[in-house]
Amino acid sequence: MSSSETERSSGADSPADQPAALPAVAPQLRALRRKASLTLEAAARAAGLSPAHLSRLETGQRQPSLPMLLALARVYGTTVAELLGETIADRDAVVRAADMEPTTAGGWTYWQAGASGRGMQALRVHVPHGSQGDIVRVHPGEEWLHVLRGRLRLRLGDTTHRLAPGDSAHFDSLTPHRIAAEDHDGVELLFVHTLLQSPTATLCLGPTPGETP
């Protein structure tokens, strides 16, 4: 849900909203950006963030929300697990339930449902009610999601879809999209998205609307 992300809500990653259990990701964010040979400005533009906002994430002054981690993972051609320094057996075909440790970021809880070293990332995600519903995402690639529990509001372009348990959606990520939980208990999803193999490829889209940290 990233390469160009327009965040219309300030304070979405306020330190007060972040659980203390979220690992420190600042050094990893900086290392992966440099590994991708991207400047702070280029990486921020590709992820739909301001350079100042990304700089604060890299220096540990702010903790990223899960949508931001997804955005940066796409830009750097990696997974959220690697951003957080987690280790999943490389190229394993099977991920056991016992190995899926929950991680929380920005109110979202997710479990890694796939291994690293692949061309796409699979997650099981819990989206709480009232969280991140105002974040619009536009980026290269594809997304697929399947509702396990609860009801989901999915906006694709100018059309709003309401998905119930058992419903799925598969769409081009260049279509502006956003998701929100309809129920107060939140919604639980299976979520798969493609990773960018060449982070600089996203820059051909040109500048995106600015995001206010």
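The values are calculated or read from the model by the stated rules, or taken from the named source; none is laboratory data. Quantities reported herein were computed from a predicted structural model and do not represent experimental measurements. When we count neighbours, we look across all protein chains shown, and the Cβ atoms used for this are built from the backbone with ideal geometry, even at glycine. Accessible surface is based on the protein model in full, side chains and every heavy atom, while ligands, DNA and RNA are left aside. Shrake-Rupley method; radii C 1.70, N 1.55, O 1.52, S 1.80 Å.
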Name the single residue that is farthest from residue 67 (Cα to Cα) among those in the stretch 117-132 being open to solvent by less than 40 Å² (accessible area, probe 1.4 Å) and modelled with pLDDT under 85. 121
Would you pick out the residues in the stretch 134-193 that are in contact with a strand residue (DSSP E or B) (Cβ under 8 Å, 6 or more places away or on another chain), part of a strand (DSSP E or B) and β-branched (Val, Ile, Thr)? 135, 136, 138, 147, 160, 179, 187, 192
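Listed here are the residues, each with its yes/no results for (1) at pLDDT 85 or above; (2) not in a helix (DSSP H, G or I).
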{"site": "13", "(1), (2)": "no, yes"}
{"site": "16", "(1), (2)": "no, no"}
{"site": "20", "(1), (2)": "no, yes"}
{"site": "28", "(1), (2)": "yes, no"}
{"site": "33", "(1), (2)": "yes, no"}
{"site": "37", "(1), (2)": "yes, yes"}
{"site": "42", "(1), (2)": "yes, no"}
{"site": "53", "(1), (2)": "yes, no"}
Got a sec? Which of 156, 152, 163, 174 is closer than 24 Å to residue 103 by Cα and either crowded, with 19+ Cβ neighbours inside 10 Å or aliphatic (A, V, I, L, M) (or both)? 152
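Could you tell me which residue of the stretch 103-113 is farthest from residue 168 (Cα to Cα), considering only residues that are of a type outside the set (Ser, Thr, Tyr) and open to solvent by 20 Å² or more (accessible area, probe 1.4 Å)?
Among those that are of a type outside the set (Ser, Thr, Tyr) and open to solvent by 20 Å² or more (accessible area, probe 1.4 Å), it is 107.
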Residue within the stretch 84-96 that is open to solvent by 40 Å² or more (accessible area, probe 1.4 Å), of a type in the set (Val, Ile, Thr) and touching a helix residue (DSSP H, G or I) at 6+ places or on another chain (Cβ under 6 Å) present: yes
